[in-house]
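Derivation of every value follows stated rules applied to the coordinates shown; laboratory data play no part. Computed from a predicted structure; not experimentally measured. In this analysis, Cβ positions are derived from the backbone assuming ideal geometry, glycine residues included, and neighbour counts consider all displayed protein chains.
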Amino acid sequence: MEPAAMDRIAARLSGVEGLYFPSSFLSPSASSSSPPSTRRRGAELRALLARDTPLFLERYGAALSADELAAFDTLSPNYEVDWHLRRLRAAAAGTPPPAARVRNRRRAYLDRLVREGDYFSEEAMREREPYLHHEYLGKFQDPLGRAMARPGERWSETLMRRAEEAVIVEKIRGEQIRRGVDPSEWVGGGPEEAMEEQEEEEEEEEEEEEEEITKENGTQADKPSATEVVPNGAAPMDSNSGGGSTAGAFKQTLSSEEMEDQLEQFTYVMQQKFLLGEDTEHMDYSQIDNDEMLDDHWSREANYDAEEKYFEED
């Protein structure tokens, strides 16, 4: 590298405010209370550039212009210098990181999601991919369990959850129609069963709303309960029986061990979709792919693997 170019770079950077310098250099000397002068800063930069070019690029490369970086090309046969030059130019051009680094960063972020959140819980994955969940798990689960009121849940919360469930079911059914699935296999039954189920749900909601109003007025409505005998000698019908729809006729077909295996397969598929960048609706991949802090995860993994190998060989 030309000495004149080194002088120019050191002189310009010496006047840049906020530039990093070691604390020992910035500390005022015993004979002076003023900070280092621009001339002294330039001399320090010039000395570091001549002594350790890779370290200079690591510290100050981001502050260099394209022309100033070009002055380092004569040193590019040096592996460290070449690596820093490629990194700095890629960052300046907005070039995404190499594919392997992107993959590792997404894997590190995935591990964080698994450890610290519920992004890969069954319910969260079902909300993101209703049809896929149905194929792996939903068609083997009792749909009535999702519509039942839960302990300690307010009626308004139950209604909200049922409304959200209806949206998910509609998405699954829409995908089944798009794929040409036989109507008899539609979630919630075919068109006729779906309409009957909707009417029954509306009637049930009206009855429960009336009961809530009656309770608020401190009286009991004079009407048959959900389990009283109905006209014509018919057997009593429980409101949780599903009204004879296909949902009420559900029968478990897989063991708990098989269901656990299905959940593992579904989770694996969802994690692969995340790693492949298919969760753009829910994730900002640009932040993940360019987050250098995620590289620390793989540095720790590499150190751990090296230690394991050392003790195995020992």
Counting Lys +1, Arg +1, Asp -1, Glu -1, what net charge surrounds residue 121 among other residues with beta carbon under 14 Å of its beta carbon?
-4
Among residues other than residue 181 whose Cβ falls under 14 Å from its Cβ, what is the net charge (Lys/Arg +1, Asp/Glu -1)?
+1
Distance between modelled label sites at residue 140 and residue 51, nm, 7 Å Cα→Cβ extension
6.6 nm
Bin by bin, in steps of 10 Å, what percent of the Cα pairs in segment 3-95 do you find, going until the bin that has the longest distance?
15, 48, 27, 9, 1
